[in-house]
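> First the structure, then my questions, so here it is.
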Amino acid sequence: MGVFTFRDLLELYPNRHVDKTKIAKISEINPATDYIQVAGQLLQYELVGDKRSKRLVAQLKDDTGFLELTWFQGLSWIQKILQTGTRYLVFGKVSFFQGHPQIIHPELEIFTAENKEGKNFLEPVYPSTEKLKSRSLGGRQIASLTRTLFQQLTEKNIPENLPATVIDQLRLESRYKAFTQIHFPASVPDYEAAVKRLKFEELFMAQLRLGMIRSRRHRLSKGVVFEKVAELFNIFYEQFLPFELTKAQKRVIREIRNDTAKGHQMNRLLQGDVGSGKTIVALLIMLLAADNGFQSCLMAPTEILAQQHYAHLTDLLKELPVGIELLTGSVKTAERKKILERIKNGQSQILIGTHAVIEDKVQFQRLGLAIIDEQHRFGVAQRAKLWEKAEVLPHVLVMTATPIPRTLAMSAYGDLDYSVIDELPPGRQPIQTFHRFESGRSQVMDFIKKEIAKGRQAYIIFPLIEESSKLDFENLMKGYENVKAYFPEPQYWISMLHGRQTADQKTTNMKRFVEGDTQIMVSTTVIEVGVNVPNASVMVIESAERFGLSQLHQLRGRVGRGSAKSYCILITGNKLGNDARERMKTMTSTLNGFLIAEKDLQLRGPGDIEGTRQSGVLNFKLASIVQDREMLEIARNLSEDLLDQDPELNSAENLMIKQYLQSQQGKTAWSRIS
Ligand code: ADP
Ligand code: MG
């Protein structure tokens, strides 16, 4: 159970407590009753059953009813101590036998003046495992170990590790008291106070650690310096920028510009809802790097997206002397060699690619900037690998279009700085979203026909049930045949995209759709991120109940990118579970990615959010970033204040915090992300 030391035992918190502060009436017992404490007179008892299964059954009576007490073991001893006619205080778990409530092997003591108010404490119930139970280390034994441990502990053994000002300000229990009370609380409010204190401690320490990583990077890291804005940036900005940047885009570029000029490494998370225009920001920053003699690399999660970025940026940069390369898994060896050479000798300034760019063979002449698009697909380890490519760490910009709720961003990416594009380019019309059942599919197809007649294009998406499995493929093919029946050639042409195609096939299909040769794109979720075809105005998602909220939001973001009014239609089966219904409701009621992300977090919990699963930074024992968001905000603010005053926690009053953090090193998952 991860318990090796006394401290581990202290941190093995009870799952719950059994309330012994109240004495219930027997008449209150109902089938939902769990543990209960009652007081009553023992009327009689008798042995029943045969030799093989003998048991002792006693009747307890209070002024509201009768309760059976049953023993299967230690019968002769029980018989000796039971006194009929005496009043007892009885505690145990209620079960029903032939319609009568009973307690099997109850705890029992003679009712006295002293205990007439009940036992007056909450008894801890500890987790255990079957294996431990079979070796006599069940919850009760753990309780007794813990009790024994506490008998030997004093305040000195559990010293305070939070600043006095914080304790005062939030009226927190002392650490010693909190530990005592989370195990053996005298009352429910005492227990709650203990939980509050220990939860806060978890959040505060996690925030401090992340804050220290950030603060050290700001103060101590060496970073390449983008000191000037020169020709490439300026010429592009003045002559080739296809539109006016939004205020938010400008602000973010300023933030990044400041950050990259300081001589410290930038490590920044850029959030912007789908369609908010992150690509152009990435391009401008890469030009800034090139102006200062540095190379950049832009990593995308899929080959299609990498190709699209490459095509788009090559087009935008065609008048400028910037070498730009595409490296993906499917680039042939001979060509790859040439690309690698041009990167190594500095002839090319920009490398766009998939995971292929972090392979060891790729050597840059002078890498100054790494941009990771749609980062939730890249693990932390991959991020780290990129950094190893240069002597002085390149600046890192992580872009994500899956909005991350603030609390999650603060915990899972709390070591990064943070920019947000919180504004969409002007002229976008809101996407209208509908939910339809399968039975209404033909109307949906008619609707697509009308849009196509207006010159628009449509996506029809099928879910991946299990990635690249035969089933998915068949599912998609069936869907494709079905779509084809509605949209026959030569009036209509259809592109299809799926995981089994070669890179060439994918490119061709994508290209035909981008260029408007096909009106319909039938696809699995490979197009989920990044793909940009502004003329597409309808997004139909089949079996929409199989998708998570952030995926649905991503998919919807593929339309509404041009000036035409766009539609998203979610098709589901007729029977929907509560969660699925909730998701459809959320999708049809809001376009705001941050609201959707919050809802997603509520519905699925943080453990499920892509990319955070492995990082383990959210494995708190008590705290939850969903339920304790307010407390998390407070912990974040207070930890920042503390680090502003004392960045290395070296002052006398903060030394105990530092020592505590050091003692935690390697113990918690979040400490490993540094
Ligand atoms: P995302 O943030 O989802 O990656 P993109 O960078 O793909 O978004 O941009 C979405 C679309 O908006 C693209 O067609 C892009 O050219 C366009 N766009 C980006 N910024 C602006 C802007 N400031 N004004 C008008 N259109 C813009
Ligand atoms: Mg994008």
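> Taking only pairs six or more apart or across chains, which ones have beta-carbon atoms under 9 Å, a first residue in segment 234-247 that is in the same structural domain as Leu313 (by TED's automatic domain parsing) and of a type in the set (Ser, Thr, Tyr), and a second residue that is more than 9 Å from ligand 1 (Cβ to nearest atom) and in a helix (DSSP H, G or I)?
Listed pairs, sorted by first residue: Tyr237/Leu284; Tyr237/Leu287.
> Suppose we filter Arg428, Arg441, Arg456 for residues that are of a type in the set (Lys, Arg), within 16 Å of ligand 1 (Cβ to nearest atom) and closer than 20 Å to Trp493 by Cα; which single one remains?
Arg456
> Mind counting the residues in segment 246-282 that are farther than 18 Å from His312 by Cα, not in a helix (DSSP H, G or I) and not hydrophobic (A, V, I, L, M, F, W, C)?
10
> Just one of (1) over 30 Å from Gln645 (Cα atoms); (2) without any contact (Cβ under 8 Å) to a residue 40 or more places away in the chain trips up Asp168, so point out which.
All conditions pass for Asp168, except number (1).
> Also: How many of the residues making up segment 404-420 are within 16 Å of ligand 2 (Cβ to nearest atom) and crowded, with 22+ Cβ neighbours inside 10 Å?
Number satisfying all stated conditions: 2.
> Separate question: Gln265 - would you say it is under 29 Å from the mean Cα position of the chain (by Cα), closer than 17 Å to Met399 by Cα, within 16 Å of ligand 2 (Cβ to nearest atom) and surrounded by fewer than 22 Cβ atoms within 10 Å (Cβ to Cβ)?
no
> Can you say whether Glu438 is at pLDDT 80 or above, within 16 Å of ligand 2 (Cβ to nearest atom) and among the acidic types (Asp, Glu), as far as the supplied structure shows?
When the stated conditions are applied, Glu438 does not pass them.
> Can you name every residue in segment 278-296 that is out of contact with any Gly (no Cβ under 9 Å at 6 or more places or on another chain) and within 16 Å of ligand 1 (Cβ to nearest atom)?
Within segment 278-296, Ile280, Ala282, Leu283, Leu284, Ile285, Met286, Leu287 meet the criteria.
> Continuing with this model, one more query. Here are Leu12, Leu43, Leu89: which of them is modelled with pLDDT of 90 or more and either crowded, with 19+ Cβ neighbours inside 10 Å or under 30 Å from Leu198 (Cβ atoms) (or both)?
Leu12
> Assess whether Pro426 counts as being in a loop (DSSP other than H, G, I, E, B), away from ligand 2 (no atom under 16 Å from the Cβ) and crowded, with 16+ Cβ neighbours inside 10 Å.
It is false that Pro426 is in a loop (DSSP other than H, G, I, E, B), away from ligand 2 (no atom under 16 Å from the Cβ) and crowded, with 16+ Cβ neighbours inside 10 Å.
This table checks each residue for (1) more than 18 Å from Phe447 (Cβ to Cβ); (2) outside the structural domain of Asn535 (by TED's automatic domain parsing); (3) assigned to a loop (DSSP other than H, G, I, E, B); (4) within 16 Å of ligand 2 (Cβ to nearest atom).
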site	(1), (2), (3), (4)
Gly560	no, no, yes, yes
Ser563	yes, no, yes, no
Ile569	no, no, no, no
Asn574	yes, no, yes, no
Glu582	yes, no, no, no
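> Only one of Val229, Val225, Val252 is touching a residue at least 40 places away in the same chain (Cβ under 8 Å), over 30 Å from Pro163 (Cβ atoms) and under 26 Å from the mean Cα position of the chain (by Cα); which?
Among Val229, Val225, Val252, only Val252 is touching a residue at least 40 places away in the same chain (Cβ under 8 Å), over 30 Å from Pro163 (Cβ atoms) and under 26 Å from the mean Cα position of the chain (by Cα).
> Return yes or no: is Ile285 within 16 Å of ligand 2 (Cβ to nearest atom), assigned to a helix (DSSP H, G or I) and of a type in the set (Val, Ile, Thr)?
Against the criterion (within 16 Å of ligand 2 (Cβ to nearest atom), assigned to a helix (DSSP H, G or I) and of a type in the set (Val, Ile, Thr)), Ile285 qualifies.
Okay, residues lined up against (1) more than 21 Å from Val362 (Cα to Cα); (2) surrounded by 20 or more Cβ atoms within 10 Å (Cβ to Cβ); (3) under 35 Å from the mean Cα position of the chain (by Cα):
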| position | (1), (2), (3) |
| --- | --- |
| Leu270 | yes, yes, yes |
| Val274 | yes, yes, yes |
| Lys278 | yes, yes, yes |
| Ile304 | no, yes, yes |
| Asp315 | yes, no, no |
| Lys318 | yes, no, no |
| Gly323 | no, no, no |
| Ser330 | no, no, yes |
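> What single numbered condition from (1) acidic (Asp, Glu); (2) within 28 Å of Ser663 (Cα to Cα); (3) within 15 Å of ligand 1 (Cβ to nearest atom) fails to hold for Glu201?
(3)
> To continue, here is another question. The conditions are (1) touching a residue at least 60 places away in the same chain (Cβ under 8 Å); (2) in contact with a strand residue (DSSP E or B) (Cβ under 9 Å, 6 or more places away or on another chain); (3) outside any helix (DSSP H, G or I), and Asn532 fails exactly one of them. Which is it?
Going through the list (1) touching a residue at least 60 places away in the same chain (Cβ under 8 Å); (2) in contact with a strand residue (DSSP E or B) (Cβ under 9 Å, 6 or more places away or on another chain); (3) outside any helix (DSSP H, G or I), Asn532 breaks only (2).
> Sticking with this structure for a sec: When the residues of segment 297-318 are filtered to those that are in a helix (DSSP H, G or I) and touching a Gly at 6+ places or on another chain (Cβ under 9 Å), which remaining residue is farthest from ligand 1 (Cβ to nearest atom)?
Glu303
> If you take the residues of segment 617-650 that are in a loop (DSSP other than H, G, I, E, B) and of a type in the set (S, T, N, Q), which of them is farthest from Lys199 (Cα to Cα)?
Here the residue is Asn650.
> Could I ask something else about it? Would you pick out the residues in segment 571-595 that are away from ligand 1 (no atom under 16 Å from the Cβ) and within 13 Å of Ile431 (Cα to Cα)?
The answer is Met587, Thr588, Ser589, Thr590.
> Oh, and also: Going residue by residue through segment 465-474, is there one that turns out to be closer than 30 Å to Arg209 by Cβ, part of a loop (DSSP other than H, G, I, E, B) and either within 16 Å of ligand 1 (Cβ to nearest atom) or at pLDDT below 80 (or both)?
No.
> Now for a separate question. Which of the residues belonging to segment 60-77 are of a type outside the set (Phe, Trp, Tyr) and crowded, with 17+ Cβ neighbours inside 10 Å?
Within segment 60-77, Leu60, Asp62, Leu67, Glu68, Leu69, Thr70 qualify.
The values are calculated or read from the model by the stated rules, or taken from the named source; none is laboratory data. All values derive from a computational prediction rather than experimental measurement. A quick note on method: Cβ atoms are made from the backbone with ideal geometry, for glycine too, and the neighbour counts reach across all protein chains shown.
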